[in-house]
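Structure first, then comments.
The values are calculated or read from the model by the stated rules, or taken from the named source; none is laboratory data. This structure is a prediction, so every number in the text was calculated from the model and none was measured. When we count neighbours, we look across all protein chains shown, and the Cβ atoms used for this are built from the backbone with ideal geometry, even at glycine. What goes into the accessible areas is simple: the full protein's heavy atoms, side chains included, and nothing from ligands, DNA or RNA. Shrake-Rupley method; radii C 1.70, N 1.55, O 1.52, S 1.80 Å.
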Amino acid sequence: MKRITVAKGDGIGPEIMDATLEIIQAAGAQITIDEIEVGEKVYLAGNTSGISNESWDIIRRNKIFLKAPITTPQGGGYKSLNVTTRKFLGLYANIRPCFSLHPFVSTKHPNMNLVIVRENEEDLYAGIEHQQTDEVIQCLKLISRPGCEKIIRYAFEYAKQYGRKKVTCFTKDNIMKQTDGLFHQVFNEIAKEYPDIENEHWIIDIGAAKMADTPEAFDVIVMPNLYGDVLSDVAAQIAGSVGLAGSANIGEECAMFEAIHGSAPRIAGKNVANPSGLLQGAIQMLTHIGQADVAEKVQNAWLKTIEDGIHTYDIYKEGISKKIVGTREFAQAVIANLGQKPNSFKPVSYKENKSISLPKYRRPEPQKKELLGVDLFVHWNGYQADDLASQINSIVDGDIQLNMITNRGIKVYPDGFPETFCTDHWRCRFKKSNGEPITKSDIIRLLSKAENAKIDVIKTENLYAFNGKPAFSLGQGQ
Ligand code: NAD
């Protein structure tokens, strides 16, 4: 018996959760349930996170959380429970299978069957933002080696477990050579450990276009957080079944499973909602907790119910569907099909009855790190980079020199173009002319001189080489 935490959520949540639990228990799921209250009632009782400390204790103790959609009340101050849960519990992998149910649910992509594996914790979603000048705000994009290793290894292990043939990586490393470059590099390293699984990398823009046009060309796609967020919705939508998709959020210790849709308040309490999205989440949960035989039984019964034309109103179509049913009746139809296999759809077979567990990350030997220079970011209201350069040149001494100035990344000094539009946010790069390392004291001296010269430094960024390789981007046009 596996003890799990269940939250019935808001709106249609209780109905679809009851239906889902009834189906998986009828299929023989070995679970005992601790129910917690999250969402609207908790928010409106004055808890801005939508969940009590006691509920956190239960989630952390059971480690497996099946969650129905919740309603986040309108108005400021309420924090998204989904984002908080992912971060608090270290749920680094978001898994969204997107497959078409042609010809029983209409789609332009009858042969689509892919899985998006989205990194769930870092990238621009670290939520580190600062306004630095009147005109410029930054958001830090953080990509870490352990973050890349975990999500990419998870994607390959997932492919192995589910008999998928190919893992594709999407990045924008032609532009973000350091951050997305690391993701791509780790992908290449880990792909070598899985010689039986095909691997490929696409630049995200053309990759996304290809996915929207020819999704059947993809199998498993792994990508950093923001791209995964956007493209998993696209993939679910073009499968023709955003209301049918489930999602798993996986961490080293804990995992959360859910439907991708919301609480649909307008149809709540009417016994019309489709429980399939949450059921798909629950099926992912069952394979995760080592009950793949039950997951397989439920999935095959569900596929059979869909191809039998027993449909809830959202996918009901005259001429294709046979019978329109409510939430409870749909659940009963799936239960009646337990033990049967679909005829038109290929029956699923989840053989390896184990959850995916990854080796613990071990920090490798530290690399040799050298400080090669510093970028001082300056708030300056002028327009001509040459004017700023002559002010800056007055603070340099010894062999540390002003190497370049960029504005929004583009080099504007030396030899800038007058056509380049400049904001009030200037990056001034300092290095030794002979390329030798500098010291932290050099930086402190520069900062102190800048302060005396009334140059408004709003941020510094050290320029490092790791194991002799410069690890910072050049100015565009440099
Ligand atoms: P929604 O997904 O609830 O509804 C969008 C449309 O899809 C509606 O027309 C709805 O009736 C329909 N729909 C959704 N699920 C359905 C189902 N199972 N069966 C049949 N029809 C279904 O999105 P929304 O209306 O933008 O959001 C409603 C509430 O849900 C908001 O408070 C939002 O914050 C919340 N929400 C929660 C989650 C979550 O908890 N994971 C996710 C998204 C939205």
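Taking every protein chain into account, the accessible area of the chain amounts to 47 square angstrom per residue (probe 1.4 Å). Counted over the chain, the DSSP beta bridges are approximately 65% antiparallel. A simple rule links phi to the HN-Hα coupling: the Karplus curve 6.51 cos²θ - 1.76 cosθ + 1.60 with θ = phi - 60°, which for the range 423-429 gives 8, 8, 10, 10, 9, 10, 9 Hz, with x for Gly and Pro. The Cα atoms of the range 163-208 define a convex hull whose projected area, averaged across directions, is 3.3 nm².
Centre-to-centre, using Cα atoms only, the range 1-77 and the range 270-336 are separated by 20 Å.
Here is the tail figure for the range 166-251: Cα pairs spaced more than 20 Å apart come to 37 percent of all pairs. Checking every one of the trypsin sites (Lys or Arg not before Pro) in the range 236-329 against DSSP loop status and a limit of 15 other Cβ atoms within 10 Å picks out Lys270, Lys317, Lys322.
Working note: Cα atoms of the range 274-341, range along each principal axis, descending, whole Å: 39, 21, 17.
Treating each Cα of the range 10-112 as one equal point scatterer and applying the Debye formula with no solvent, the log10 of I(q)/I(0) at q = 0.13, 0.22, 0.24 Å⁻¹ comes out as -0.65, -1.25, -1.33. Hydrodynamic analysis of the range 300-395 uses the Kirkwood radius over alpha carbon pairs. Inserted into Stokes-Einstein at 10 °C and 1.306 mPa s, it gives a translational diffusion coefficient of 77 µm²/s. Overall, the chain carries a charge dipole of about 1100 debye about its Cα centre when +1 sits on the Cβ of Lys and Arg and -1 on the Cβ of Asp and Glu, all other atoms neutral. Going by the alpha-carbon gyration tensor, a ≥ b ≥ c the square roots of its eigenvalues, is the range 239-384 rounded (a/c under 1.5) or, if a/c is not under 1.5, prolate (a/b greater than b/c) versus oblate? Note, shape of the range 239-384 comes out oblate. For the chain, the gyration tensor built on C-alpha atoms gives a prolate shape. Its axis ratio a/c (a ≥ b ≥ c) is at least 1.5, and a/b is the larger of a/b and b/c. The range 364-428 and the range 117-167 have Cα centres spaced 29 Å apart. The order of Arg145, Arg362, Arg86, Arg408 by accessible area, most exposed first and with a 1.4 Å probe, is Arg362, Arg408, Arg145, Arg86.
The longest part of the chain holding none of the exposed loop GluC sites (Glu not before Pro), meaning those outside H, G, I, E and B in DSSP with at most 16 other Cβ atoms within 10 Å, is 38-134. The share of accessible area on the chain that comes from carbon and sulfur is 50 percent, using a 1.4 angstrom probe.
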